[in-house]
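Beneath this line is the structure, given in structure tokens, with notes to follow.
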Amino acid sequence: CDWTTVPAASLPAGGTDVVLVYFGSWDIIERNPPAVGGEWRTIEDDDYRTWLYSEMLALTDTLHAAGVAHVAWLTLYPAMGEPTRVDEYNALLADLVVHRPDVAHVIDLGGWFSAQPDIDRLLPDGKHTTWKEGDPGTGLEVLQNYLVDQIVTIARPGATIED
């Protein structure tokens, strides 16, 4: 997938307030990106982590240049993989906010999931919400019970969902 062209091409003309970016589960497993020598590496490797962070910055910048006011990155749920790698990934997201203030934001979806008593129902496979044709499943619950409020807060600081 060539992310450098897909996101901007799928945006509405005139821009948008907030885009959610939910990557990471593939970024914390062992990968062999050609840009890092084509060797199998993980996020614990300095070269891989530096490359991945540059990709995150580039995606944030690409979306912003295409008219997105705020790029909100979602943290990973710790049970998605090796906890140290999840922590490394989430730390990179925190760095985005420092390097792209007022554009990059972090929504702690992973933390929210961790606090849910019915996590096995929300994420039955530990990674994905449910969805099937004609039934929005638990993805709609996550949106309504957590993400909408976070998106509104980013798009309109000081506003509430009722606004």
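The values are calculated or read from the model by the stated rules, or taken from the named source; none is laboratory data. Just so we're clear, the structure is a prediction, and the values are computed from it rather than from any experiment. No Cβ is skipped: glycine too gets one built from the backbone with ideal geometry, and neighbour counts run over all protein chains shown. To get the accessible areas, we keep the full protein, side chains included, count just its heavy atoms, and leave off ligands, DNA and RNA. Shrake-Rupley method; radii C 1.70, N 1.55, O 1.52, S 1.80 Å.
One line per residue, one yes/no per condition, for (1) outside any helix (DSSP H, G or I); (2) modelled with pLDDT under 85:
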residue	(1), (2)
Ala8	no, yes
Ala13	yes, yes
Ile43	yes, no
Trp51	no, no
Thr60	no, no
Val71	yes, no
Ala79	no, yes
Arg85	no, no
Ala94	no, no
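Take Gly67 and tell me if it is at positive phi and surrounded by fewer than 14 Cβ atoms within 10 Å (Cβ to Cβ).
No; evaluated as a whole, the condition is false for this residue.
Ala155 fails exactly one of the following numbered conditions: (1) open to solvent by 70 Å² or more (accessible area, probe 1.4 Å); (2) under 26 Å from Gly15 (Cβ atoms); (3) small (Gly, Ala, Ser). What is the number of that condition?
The number of the failed condition is (1).
When both residues are 6+ apart or on different chains and their Cβ atoms are under 7 Å apart, which pairs have a first residue that lies in segment 15-40 and is within 19 Å of Pro78 (Cβ to Cβ), and a second that is of a type in the set (Ser, Thr, Tyr)?
That search, which allows pairs on different chains as well, returns Gly24/Tyr89; Asp27/Tyr89; Ile28/Tyr89; Glu30/Thr42.
Suppose we keep only residues that are aliphatic (A, V, I, L, M) and more than 19 Å from Thr50 (Cα to Cα) within segment 75-92. Which one would you say is surrounded by the fewest Cβ atoms within 10 Å (Cβ to Cβ)?
Taking the candidates together, the pick is Ala79.
What is the residue count in segment 96-119 for residues that are open to solvent by less than 60 Å² (accessible area, probe 1.4 Å), outside any helix (DSSP H, G or I) and farther than 15 Å from Met56 by Cβ?
Counting residues in segment 96-119 that are open to solvent by less than 60 Å² (accessible area, probe 1.4 Å), outside any helix (DSSP H, G or I) and farther than 15 Å from Met56 by Cβ gives 2.
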